Amino acid sequence: MQAALIAVQLEVSNDVLVSGEVYRRHLEQAATRAVAAAGPADARLIVFPELAGHLALLAIGPPAAHRAKTLGGALVASAIRRPLDVLRGVISTRVLHPRHAVLAALAPDGERFLRGVFGPLARRLDAYIVAGSHLRLAANGDLTNASLLFAPDGRCVATTDKVNLVPGMEDGAPKGLGLTRGDAPRLPIVETPMGRIATLICYDGFHTPHTSTERFTPMGAALTGRGGVTVVANPAANPWPWDEPWPPADIAPAPHRYPTRGEQWQREGLPGMLAKTPCARCGVTAHLVGRVLDLRFDGVSEIVETHAGGVRVLARAPRADRGGDVAVTVTC
């Protein structure tokens with residue numbers, strides 16, 4: 001079987017988030033171009049970047065959200081017209097913080113948007129699609145960073161919650177989102193015609209923690225303990241400059257220092273994890289790039305393969321600050 005592995009390096013800007021319809025077209029066109037570039041295949045896996053669903057909350061927000069200067073301000077503007085939803089967020093969530101209540105109120109909108117885009121798109125393109133990630137409000141009030149996997153018939157066949165939360169951003173730190181960690185032993189592994197597929201959301205693809213004090217679970221070892229997989233999908237969004245030294249001032253203390261964030265990603269991220277713990281035959285990392293309000297994202301998407309001597313790159317994006325797609329065809 002010939003399987004096309006595709007990483008969509010999605011470029012975002014305020015212009016593509018002016019409305020839900022514009023953002024929908026942007027996502028659909030990116031996937032369609034990527035499939036055309038990959039060429040004929042018996043099966044396809046398309047991986048979109050982390051935070052695709054978070055940004056949908058801005059795209060589908062009211063006019064006041066688009067006048068905001070920061071993403072946080074945009075989310076507050078989206079929620080302020082929905083006091084009952086925010087109240088339900090306060091009641092349902094277990095974290096007593098206004099920011100968390102706003103996120104809980106808006107999260108279902110982002111998930112509905114992604115399901116409405118990627119289910120039909122998977123059917124149209126006859127592909128498995130990893131729909132980046134979104135904020136997911138669980139029935140028990142937990143708020144997670146989650147990724148949906150859609151099958152070629154349009155069904156959602158897996159929901160993966162991120163296990164390792166970026167310190168100071170996603171965790172319970174004063175400026176963090178206060179998200180709940182996923183359960184590592186229950187991380188979904190999906191049987192497909194191209195083999196077993198698992199999703200490791202961004203930081204879950206690392207084998208080493210960013211700091212010396214955080215709680216961290218090596219997910220490569222967790223997958224190896226369950227027999228490994230054929231492909232690891234790694235939707236990613238890196239908010240630090242790719243070509244500047246690592247760690248930056250806001251990440252400390254860090255176990256290691258590197259000339260650039262890009263080199264740190266190669267050593268500690270998915271390529272380094274697969275070299276250290278070959279839990280998969282291939283890894284597909286899809287990065288978010290561009291600027292949205294007060295946020296900037298850099299990254300180089302790539303597809304790698306393990307072999308007897310370590311890990312080799314099958315395809316890689318040429319730049320860390322421009323969109324595009326990366327695709328290879330492998331024999332399964």
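In table form, for the structure just shown:
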| item | result |
| --- | --- |
| Condition check for A64: more than 18 Å from C202 (Cβ to Cβ) and modelled with pLDDT of 95 or more | no |
| Close pairs from region 165-183: first at positive phi and in contact (Cβ under 8 Å) with a residue 12 or more places away in the chain, partner surrounded by fewer than 21 Cβ atoms within 10 Å (Cβ to Cβ) and among the β-branched types (V, I, T), Cβ under 9 Å, at least 6 apart | G168/T211; G168/I251; G178/V95 |
| Matching residues, region 218-249, being more than 24 Å from E191 (Cβ to Cβ), small (G, A, S) and more than 21 Å from the chain's Cα centre (by Cα) | A249 |
| Candidates I201, I251 - the one that is more than 30 Å from P152 (Cα to Cα), in contact (Cβ under 8 Å) with a residue 60 or more places away in the chain, out of contact with any helix residue (DSSP H, G or I) (no Cβ under 8 Å at 6 or more places or on another chain) and of a type in the set (V, I, T) | I251 |
| Entirely in region 268-332, the strands (runs of 3 or more DSSP E) that have 2 or more residues that are at negative phi, of a type outside the set (V, I, T) and surrounded by 20 or more Cβ atoms within 10 Å (Cβ to Cβ) | 280-292, 324-331 |
| Residue ID - surrounded by the most Cβ atoms within 10 Å (Cβ to Cβ), chosen from residues in region 223-240 that are touching a Gly at 6+ places or on another chain (Cβ under 9 Å) and over 19 Å from A3 (Cβ atoms) | A236 |
| Test result for D243, at pLDDT 90 or above, acidic (D, E) and more than 19 Å from E50 (Cβ to Cβ) | yes |
| Selection from region 175-203 of residues that are over 12 Å from the mean Cα position of the chain (by Cα), assigned to a loop (DSSP other than H, G, I, E, B) and at pLDDT 95 or above | R181, G182, D183, L187, P188, P193, M194 |
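The values are calculated or read from the model by the stated rules, or taken from the named source; none is laboratory data. Quantities reported herein were computed from a predicted structural model and do not represent experimental measurements. Ideal geometry is used to build each Cβ from the backbone, glycine not excepted, and the neighbour counts take in all protein chains shown.
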